[in-house]
Amino acid sequence: MTRVPGQYDPRWPIGLHNAAMANVLLIEDDLDIRQLMAQTLSARGHSVESASTAMSGLEVAVSGTVDAVILDLGLPDLDGGDLLKMIRAVSAVPIIIATARSDEREIVGLLDAGADDYLVKPFSAAQLEARMRAVLRRGTATDSEAPITVGDLVIDTGSRDVTFAGMAVELSPKEFDFLAYLAARAGQVVSKRKLLAEVWREPYGGSDRTIDVHLSSIRRKLGESASDAAYLHTIRGVGIKLVDPNR
Ligand code: CA
């Protein structure tokens, strides 16, 4: 077996952050990459199913038995981007795109089409696991009414209260929706178009300026700025993400 140097080390320690064991579906036609990813995920306690074609993957993806899908874009029978749309039409299962292509516009398009996150090949076992954690955490967050904690930030979607390091933060209703939306997807980049569609409900109109104004106001309230960001990061040309700076 050809080993990709420095990638997908299955000997990673088990159980450090492994709060949730998941059934993961790998849709990837490259046997070596598939085996290495499967080893990595199994070593972290996940159970793994594999598919080497889009159509066989689709069948498993929509069966309701998987918690997350890792989807290669270059598949023999269908483009992964098209498969993404087919899965999304019938299922909300978290999907992480794994791509050798790093075209920014294409990635933004895939995030808008419903991908939850993406990895650019070659990626490390640590990156793979971090993305998995983030999408699985998001799944849990939307299922429960428990407040979302990201570092020192606690967002209670039930009472709509926000505290930062124990202090109440006063947000406008839209600022709250914006921050809660990012917090439910902590660690993941969310495109501005997706934010306009889902937070502002303006899928075809709306301007990035609207987002920028709210973003800078929230940053000010959290005591940070665009040039000195700890929690709220702008990924130029891609979108915005909320992160725990201590992780
Ligand atoms: Ca491929």
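Distance from a point 7 Å along Cα→Cβ of ASN23 to each backbone N in the range 53-69: keep the residues under 15 Å and list them by number. The answer is 57-69, whose backbone nitrogens lie closer than 15 Å to the label point.
Shown for the chain: the carbon plus sulfur share of the solvent-accessible area, taken with all protein chains present and a 1.4 angstrom probe, equals 52%. Rounded to the nearest 10 degrees, the inclination of helix 80-90 to the longest alpha-carbon principal axis of the chain is 70 degrees. 3J(HN,Hα) couplings calculated from phi for the range 100-114 with the Karplus curve 6.51 cos²θ - 1.76 cosθ + 1.60 (θ = phi - 60°) are, in sequence order, 8, 8, 10, 5, 4, 5, 5, 5, 4, x, 6, 5, 5, 7, x Hz; Gly and Pro show x. Spatially, the range 168-247 and the range 76-132 are offset by 21 Å when compared through their Cα centroids.
With N counted as the residues of the chain, its alpha-carbon radius of gyration over 2.2 N^0.38 Å works out to 1.03. For the chain, the longest principal axis of the C-alpha atoms and the axis of helix 173-183 are separated by about 30°. For the chain, the share of DSSP beta bridges that are antiparallel, to the nearest 5, is 50%. In the complete set of protein chains, residue-level accessible area for LEU196 is approximately 10 Å², probe 1.4 angstrom.
Computed from the alpha carbon atoms alone, the convex hull of the range 2-138 holds 95 Å³ per residue. Once the Cα-Cα distance is subtracted from the 0.36 nm per residue extended length, the SER63 to ALA230 segment shows a gain of 56.2 nm. Subtracting the Cα-Cα distance of LYS221 and SER42 from 0.36 nm times their residue separation leaves 60.3 nm of extension gain.
These residues, PHE123, PHE164, go from largest to smallest accessible area, 1.4 Å probe, as PHE164, PHE123. Each residue of the range 30-43 was assigned a 3J(HN,Hα) from its phi angle through the Karplus curve 6.51 cos²θ - 1.76 cosθ + 1.60 (θ = phi - 60°); the sequence is 7, 4, 4, 5, 4, 5, 5, 5, 4, 4, 4, 5, 5, 5 Hz, with glycine and proline shown as x. Sorting the Cα pairs of the range 38-103 by distance into bins of 10 Å, from 0 upward, gives 20, 55, 24, 1 percent per bin. Placing a pseudo-label 7 Å from each Cα along the Cα-to-Cβ vector at SER56 and GLU202 gives an inter-label distance of 4.7 nm. For LYS241, what accessible area in Å² do you get when you roll a 1.4 Å probe over the heavy atoms of the protein chains, rounding to the nearest 10? Its accessible surface works out to 50 Å², give or take rounding. The length gained by stretching the chain between ARG160 and ALA130 to full extension, at 0.36 nm per residue less their Cα-Cα distance, is 8.0 nm. Ignoring the sites themselves, the chain has its longest run without GluC sites (Glu not before Pro) in a DSSP loop having at most 12 other Cβ atoms within 10 Å at 1-144.
At 1.4 Å probe size, with every protein chain present, just tell me what the per residue accessible area of the chain comes to in Å².
Per residue, the chain has an accessible area of 48 Å².
The values are calculated or read from the model by the stated rules, or taken from the named source; none is laboratory data. Keep in mind that what you see is a predicted model, and the values were worked out from it rather than measured. Here Cβ is always computed from backbone atoms with ideal geometry, including for glycine, and neighbour counts include all displayed protein chains. Just so you know, the surface numbers come from the protein's heavy atoms only, side chains and all, with ligands and any DNA or RNA stripped out. Shrake-Rupley method; radii C 1.70, N 1.55, O 1.52, S 1.80 Å.
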